[in-house]
Ligand SMILES: C[S@@+](CC[C@H](N)C(=O)[O-])C[C@H]1O[C@@H](n2cnc3c(N)ncnc32)[C@H](O)[C@@H]1O
């Protein structure tokens, strides 16, 4: 910051500094004597103050340990003006037995001039009344020590957590992705950052982040059409953030559930399609079945939901028939009726996707599905039923393995689910190489590697080397009889793949030929066993029990 010229001024600073709590960053030492940390805090806040435009704002995220000191330094020593002390309430805090569990972070909102600043309340006010968290024994089992933000049954306070208030509910990224513990557990959610950026800056304004980390604030600034730049001490984190930034485009949708209270992971609101979304009584089932049979062209419910053309026809038919509810309700109701005789007898055509078309895109469909499930979508059925979710799925799958009609990706995901639930032959003992899989023969994912590959059925391991200090890790395991086109797709999408990984690092592939006599089912059994053993972060199958 000291090197930035006086002539460059920014509209908004979002600072999420290290909290001095002993967090394990790759370079920064987060365990300093109090005085040193506070002196450093004073110096970076002063430097930030110098960078701010006269009507600029600065938001500082900080933990309990130093919230009071940071406020004091910013106000009394640097001369900023506090406008809000926001509490970001995230639940799923670390469980404690002998005191109340922490479930919040402080977001201190300062301006340079208390009489001249931007605050665009109209952009963050939303009219909808919230449906609140459902009772769920798994997320809040009886006897758990309560969090330190006390809200006695939020269900009883229908208007709590309005965006205009200073207690904000957003699911923690780490809560959604438990596996994130080792890299950027402290990543801020995009929707939370969007609230700050939308309210305190205008399109075209400059947003600056002095502690970029995984790049979340800059990614959101870019998506929202702001100009952006930042500083990051760790070259490794900076590279990962740059990859995320390269992939983000102005206008891209923000990550994270639309209504965090509705779609936090593991809440049962749409975990089960027989659950609260069910509106059986609302439906005239016969009418729904008639709508289906009038448009399905002899295809199954799965094919109809996978095929955007048939899906739109079905939605039109329901809408014209005057069925109550929204498209997602009609689709979910159709899924519930899927096994009914009448529906089945109307399905006379089978859908076939040849394996040479399926296998090279299967990884794209699997990783897209895994990512949406990690974000809190409850099931593949729900994703296919919800038009907005299925577009997100298509978009991600297509970025990873481009060039196919939409229904191929959705069908590939359905294929995976079927395989996960069907009994596969047990031939694990024959698999000698499993335990030594990471030793040797790792090929960097880069253009041209396919020319050295023999076209034979193989397992492929996508492996990441997150830096000299860390062991390589398997992030995805696939299997294909059409290994060349599969590897070509992997190479093309390597930047997207890297950006989806929890940690930064180059990607490699290791091929394990499985013998040309191996049947499709045997190959899938190998892969499934390996996925169960190594539980890679991008495999959907790793979320399925053996
Ligand atoms: C709490 S993390 C930021 C996380 C970020 N908000 C996100 O969503 O990913 C703090 C970051 O500050 C970086 N850092 C520490 N000291 C720094 C310095 N002097 N200059 C720039 N970055 C620094 C650390 O490497 C770490 O990535």
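Each reported figure results from applying straightforward, stated rules to the coordinates on display, with no laboratory input. Here the structure is a predicted model, which means the values were calculated and not measured. Counting neighbours? That spans all protein chains shown, and the Cβs are built from the backbone with ideal geometry, glycine included.
At-a-glance table
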| item | result |
| --- | --- |
| Pairwise FRET efficiency - residue 231 versus residue 338, Cβ, R0 = 51 Å, nearest 0.05 | 0.45 |
| Simple label model, 7 Å out from Cα along Cβ direction - residue 69 to residue 312, nm | 5.9 nm |
| Per-residue Cβ neighbour rank within 10 angstrom, fewest leading, 474, 301 | 474, 301 |
| Where labels lie 7 Å past Cα in the beta-carbon direction, separation of residue 297 and residue 100 in nm | 5.9 nm |
| Cα centroid separation, the stretch 186-216 to the stretch 292-325 (Å) | 40 Å |
| Förster-model FRET efficiency, 30 Å R0, residue 471 and residue 355, C-beta, rounded to 0.05 | 0.30 |
| Chain lengthening between residue 35 and residue 450 when straightened (0.36 nm per residue, less Cα-Cα) | 143.8 nm |
| Inter-probe distance in nm under a simple model that places probes 7 Å from Cα toward Cβ, at residue 84 and residue 418 | 5.0 nm |
| Rounded FRET efficiency, nearest 0.05, which uses the C-beta distance separating residue 395 from residue 76 and R0 of 60 Å | 0.80 |
